[in-house]
Each structure stands twice: as structure tokens, then as C-alpha cells.
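Take a look at this one; I'll ask things after.
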Amino acid sequence: MIRFVLVRVMRAVITILAVMTFAFVVLRMSGDPAEVMLGPDVPQNVIEAFRKSWGLDQPLWIQYLAYLKSIFTGDFGVSMRDKAPALQLVLERVPATLQLTVPALILKLLIGIPAGVYAALHRQSFADRGVILLAILGFTIPSFVMGLVLVLIFSVTLGVLPSGGQETWLHGILPTLTMSVGGVGILARFSRSAMIEVMGQPYIRTASAKGLKWRDVVWGHALPNAAVPIVTIVGFMVGSLIAGAVVVESIFSWPGIGRLLIVSVSNRDLAVVQCILLIVAGTMVVSNLAVDLLYGWLDPRLRSPASH
Amino acid sequence: MAMTVATANLVELRNLKVAFDGVRVLHGIDLDVARGEALGLVGESGCGKSVTWLAALGLLPGKASVTGSVRLEGRELCGSPRSTLEQVRGGRIAMIFQDPSSSLNPVLSIGRQITEALAIHRGLRGEAAKTEALRLMDMVGIPDARRRFDLYTHEFSGGQCQRLMIAMALAGEPDLLIADEPTTALDATIQAQILDLLIRLQAETGMALVFISHDLGAVSQVCERVCVMYAGRIVEEGSVAQLFSSPRHPYTRGLFDAIPRIEGPRKRLIPIPGTVPNPKTLPKGCAFAPRCSRTTAFCETSPPSLLPQKDGRKLACAHPIELAVAGKTERRVPEDLLQ
Ligand SMILES: Nc1ncnc2c1ncn2[C@@H]1O[C@H](COP(=O)(O)OP(=O)(O)O)[C@@H](O)[C@H]1O
Ligand code: SF4
Ligand SMILES: [Mg+2]
């Protein structure tokens, strides 16, 4: 078990390093922050001075080493635009994003998994067909279309919900709904197929043959097996709690991480973008790690030493 | 209670029919299992051996349509409510399956799976259940049971998994154990051990045993009476001695000719030509006709019924093989199989 955890943690660290390096290189190769920040008509010597003050005149690898060094000392840089610490700017936005993504995740879990499991246990029924149809609709409609449709219905036509902003909790309803629809569809379909697969296994027949009640066969024997593939998908969803709201935040003018990312990328605000990517990568890696550990807990075959 | 029902059959199947999506695969099975007896059910793969008992216990998927009668000590099970079946399963009639490794739940510990059965049928919980589970594991020959109580399926070999399946089946102290090809997935030495275990346990517990196999040799070691099934029907039924000394249905004879000899001069096995027909395109008359060397035009008119014979066996064939005269018996199997 200790080995299992260590291997996973090492992998996580390597992943984060790779993301950091990649982001660093791509950002610096794809445009000059000085020109973007200062505008086109600025004299050359001002640009030179700007570059010098942000260290952009150094060779790339020296910049990279300096970046790594500051990261490891907990210094995430300063925003070129606001002159405030990047980490602080980013962390200020996190709660707003979580206000959307956490309720959306809860909705996905509470609706998607039961709908999928129910459909699997009532195959070919009316309910099953309904779940399949809605699930396909849910995850094929892009979220910007879904967002616009919801705005048209609830804001424009019915006039019951605001279409943008963050003033009251009512403002959060449409973006949260928009964000959950796709995930509900994905989870429903995934839970359904996982459950159908498990219900066809010989051990389920054994469980019935030994006289277990149907309910105990489903809860005690089928769900623990179906949980493994479902947890994978839920893991992805948890991993995108921070980054998953970019489109929806733009549609609904929600001041979260997604909007900050878009603004910072277009301004080439290097420190802020890097800081966001690091936090996004961090959440994904941590949730992957949690999923891996959860696998080991759910499925004894994955925790035995033979599987490494 | 045992006195009043001592003479009656434990289980009686009458005209049991099963169809999947409109295709009939079981064409009216009549079968009795007496208390404490060991009954063999043989036939090639796809003849309906498993479906017969899955149907009897209500374990077939919803798309299967089951008609006929399944009586346990006179009580009708076919079409009875789920709660009735749940009490019968494991408690009165237990069943073990062909592939032991995938028949045990991979994410639940072995101990948990056995104690669960003890909780349902005998109300044992906690330490009492664990003690009894360890006794059962010991009884089926799992060494070092205490240490292995918390292990999982993948940590046991196929043969041990089948032993654990048997332990789980015994947990409910059933009156009848259905062993559906319990050794087919195992290699030869393990097969023999599992057969010995079943024979021993049957003697110790006095439960009845239905031993399903495509291997007549194995059946002869375990059972007193044999039913031969072909294409969803019973075609010959009799004591092991009767069928071994003088098989009368050409299909039974074909199964004997296909038994590998364990000793004596090596002779070539004679496999039955052709294959089991698809239930969708069953011949109009005797289903064995396309593969039978004795077939006549009459055989193709309607399926022969299973009729009682003078010597007590039952037979469904228009032109059966003549009864062998005593003393002139052609030995098709090693002596030791006949005991
Ligand atoms: N779940 C099922 N769905 C459709 N057909 C089935 C199902 N189970 C068994 N059958 C069919 O029923 C027939 C009898 O099968 P079975 O009882 O498993 O044979 P066996 O004698 O090998 O145990 C076969 O033709 C098989 O294809
Ligand atoms: S009824 Fe005819 S075809 Fe069928 S087994 Fe007997 S002899 Fe062969
Ligand atoms: Mg079978």
C-alpha cells in the first residue's frame, strides 16, 4: 500500500512539473507581453525597459530556472497588469468559480448516477429509453448553446432569472444548470453501461442464487463493482472544478477563474496565466491521485502488489 | 417432518418449458429428484442443462418466458413471488456454477460472502457467523482458513474458488445442491478432488445432488441415476448401471463412445458426428435425427416421447438400440467406473 501511494505521488509531481514547463514555453513563444501591455505606439526604449524590469531580456532557460526557483520558494510572481501578486489575484477568484462548479458537481452526481443505475436495472423500459435520449441530448449540446437556450427561456421569455452577473444566489442558477447538463448526461450514460456490464456477470447470478434479496444484490454486490468505472468519470469532474467554468463564466459574466484566464491570456499577463495553470493542474493531479487511491480501496485486485 | 415426506420426491419438474425471445430452448422437462439422491444430468453444451435449473430457481433473465411446474415438497415455485424464491434459493436449493473464479464477487472478501449466506439463512452474525464460516471453509478443504478469511477471489486458485463456492452453498444447509459443471473449468487433478469433495459432502450432509456435466465418466462416479438431455429434452433416463451396461438411445451410446479410456488399450474415440442443432432451426421430428445412424423417415415426423421401459428406465427413441443380454455386455468404460 505504501509503495502504491508513493508511485502515485511521484507521478503526480512529474505531471505538475511537465505542465509548468509546457505552459512556460508556450506562453513565451506565443507573443511578447511588452507589446500587448504597452500598446503599439510606444518607443523602443520604453519596451526595452519593460522587458528588463520583468526579466524578459534574459535567455529563456535562465528565465525558466528563475521561475522554478521562485515557485519552489512560494513566489508565484506579480501581475504585469495589476502589479499585485499573481497568486492573490487568482485565489480571489476561486470562490466565485467554486460557487458554480461545486453545486453543478453535486447536481451531476445526484441526478446522473441514480438515473443511469435506474435505467440499467429497467432495461428497455420507457424510463430507460428516456434516460438514454436525455443523456445524449445533454452531452451533445455544447454548453454555450445550452446557456443561450436557458437564458432565452428563463430570462428573456419568462423573465424569472437574471441572465448575467453575480449579485444574488439567483444569478448562479442558470450558469450552474448550464454546467451540469452535460455532466449529468455523461454520468447517466456511464453509470448505465457500467451497471449493465456488472449485472451480467456470473457473480451477480451467484448472489441471487444464494438467496439475497434483489435490493441487496444491487446495493451490496453490483454497485461496489460498478463504482470503479463511475469513480473515474467523477474524478475527471472533480479535477475540472477550477478550470471547467471558462465558457459558462464568459456567457454569464461570472467573475471567476475562467474569466480571469481569458483576460490574462489576451494580455499576456504571464505570471497570472502560469499561476492559474498551476492551480488547475494541481487540482487535476490531486483528484487523479484521490481516484487512484479510491480504486485501490474499491477494488482489491488493484491494490495487490502483483498489479505493479 | 422428515417421516411424512420421506417417500415423496423433494423436487418435481413437470412440463417445464423455456423460451428466449420466442425461441423455445426447453421443450417440456419432467424430472424428479428424491431426497438425498445424486442425479446426473448429461448432454453436450447447449442442450439446456443449465437453463433447466436456472429456470427452476427463477434465475433466468427477464426476457426468458418460463412455463410449467416446479414443485418443492409439493409447493409450486414457478410463478411464485420473489420473496418465496429468495427463501428457497440457497436455503432449500443451492447452486454452484461452471466458472468458480468469476462466480465469486471480486470486490468482496471471501469471508464476507460466506457469512452473508449464513446471515440470510441461519441468522448468524458477527463472531458466530465467522466461526461457522471458518468451519465450512475447513470442511471443503481450504487450508489455513482463519488467515485467508479476509482475502479476495483473485487470491485463490480456480479449484479453491470452487471449494469456496461449495462452502457458500452449504452455508444455507440446503436439501438439494445443483452443481452445474463444477469441474469443467478446472484441470484434471483438481477435477478429481472436487468430485471427491462433492461425494464426501453429500454423504456427510445427506443432501440431494444434481450433478450437471457433459462428462459421463464424472457422472458415473458421483451419481446413481442419470438423465441424458438433448436439444431441450430428456431422451433417456435410468440408473448409472443400466445406462452404462446398455445405453439404448443412440445419443447416449454416442456419448459413451466419446469417453476417453483411462486404462486398457488406447482406442480411438468416436465423436458424435455433427453438432447440437440451433434451437431456432430444430428438426420437426426427433432432434437427433440429422446425427443419428438409425434414423428412418418415421423419426422425422414428430419428436418421440419419453416413455417408461420394462427395466425401469425411460426412453425417447423410435428405434432404440437393443437391450444388451446380461453377460454379453460390451464394456465401454473401465471397470472402476461401474464400481
Ligand atoms: N440468457 C440466454 N439468452 C438466450 N439464449 C440462452 C440464454 N441462456 C441459454 N440460452 C440458450 O439455451 C440453450 C440451452 O443452454 P444451456 O442450458 O446453457 O445449455 P447447457 O446444456 O450447455 O447448460 C442454448 O441454445 C443457449 O444458447
Ligand atoms: S428417434 Fe430415430 S432419429 Fe431419433 S434417436 Fe431414435 S432412431 Fe435416431
Ligand atoms: Mg451449462
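The values are calculated or read from the model by the stated rules, or taken from the named source; none is laboratory data. Keep in mind that what you see is a predicted model, and the values were worked out from it rather than measured. Please note: Cβ atoms are built from the backbone with ideal geometry, for glycine as well, and neighbour counts cover all protein chains shown. Note: areas computed on protein heavy atoms with side chains; ligands, DNA, RNA excluded. Shrake-Rupley method; radii C 1.70, N 1.55, O 1.52, S 1.80 Å.
Give me the residue from the stretch A:172-228 that is among the β-branched types (Val, Ile, Thr) and away from every other protein chain (no Cβ under 12 Å) and, out of that set, farthest from residue A:241 (Cα to Cα).
Here the residue is A:218.
Note down all Cβ pairs under 9 Å where the first residue falls in the stretch A:37-49 and is under 18 Å from residue A:83 (Cα atoms), the second is aromatic (Phe, Trp, Tyr) and open to solvent by less than 60 Å² (accessible area, probe 1.4 Å), and they're at least six residues apart or on different chains.
A:37/A:50; A:38/A:50
Considering only the stretch A:111-126, I want to know if a residue exists there that is of a type in the set (Lys, Arg) and free of Cβ contacts under 8 Å to residues at least 12 places away in the same chain.
Scanning the stretch A:111-126, I find no residue that is of a type in the set (Lys, Arg) and free of Cβ contacts under 8 Å to residues at least 12 places away in the same chain, so the answer is no.
A quick yes/no check of all residues on (1) open to solvent by less than 40 Å² (accessible area, probe 1.4 Å); (2) touching a Gly at 6+ places or on another chain (Cβ under 7 Å); (3) outside the structural domain of residue B:94 (by TED's automatic domain parsing):
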position	(1), (2), (3)
B:110	yes, no, no
B:119	yes, no, no
B:125	no, no, no
B:133	yes, yes, no
B:137	yes, no, no
B:146	no, no, no
B:149	yes, yes, no
B:152	no, no, no
B:155	no, no, no
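Looking only at the stretch A:53-70, decide whether some residue is among the basic types (Lys, Arg), out of contact with any strand residue (DSSP E or B) (no Cβ under 9 Å at 6 or more places or on another chain) and in contact (Cβ under 8 Å) with a residue 24 or more places away in the chain.
For the stretch A:53-70, residues among the basic types (Lys, Arg), out of contact with any strand residue (DSSP E or B) (no Cβ under 9 Å at 6 or more places or on another chain) and in contact (Cβ under 8 Å) with a residue 24 or more places away in the chain: absent.
Restricting the search to the stretch B:38-68, which residues are of a type in the set (Val, Ile, Thr) and either away from chain A (no Cβ under 14 Å) or out of contact with any Phe, Trp or Tyr (no Cβ under 9 Å at 6 or more places or on another chain) (or both)?
B:42, B:52, B:66, B:67, listed by residue number.
Same structure, new question: State whether the residues of the stretch B:299-308 include one that is more than 21 Å from residue B:24 (Cα to Cα) and hydroxyl-bearing (Ser, Thr, Tyr).
no
Something else about it: Only one residue in B:123, B:141, B:159 is at pLDDT below 95 and over 25 Å from residue A:301 (Cα atoms), so which one is that?
Result of the check over B:123, B:141, B:159: B:123.
Residue by residue, here is whether (1) assigned to a helix (DSSP H, G or I); (2) touching a residue at least 40 places away in the same chain (Cβ under 8 Å) holds:
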{"position": "A:131", "(1), (2)": "yes, yes"}
{"position": "A:139", "(1), (2)": "yes, yes"}
{"position": "A:150", "(1), (2)": "yes, no"}
{"position": "A:160", "(1), (2)": "no, no"}
{"position": "A:208", "(1), (2)": "yes, no"}
{"position": "A:211", "(1), (2)": "no, no"}
{"position": "A:231", "(1), (2)": "yes, yes"}
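How about the stretch B:1-94: which helices (runs of 4 or more DSSP H) wholly inside it have at least 3 residues that are away from ligand 3 (no atom under 16 Å from the Cβ) and open to solvent by less than 30 Å² (accessible area, probe 1.4 Å)?
Once the helices (runs of 4 or more DSSP H) in the stretch B:1-94 are filtered for at least 3 residues that are away from ligand 3 (no atom under 16 Å from the Cβ) and open to solvent by less than 30 Å² (accessible area, probe 1.4 Å), what remains is B:82-88.
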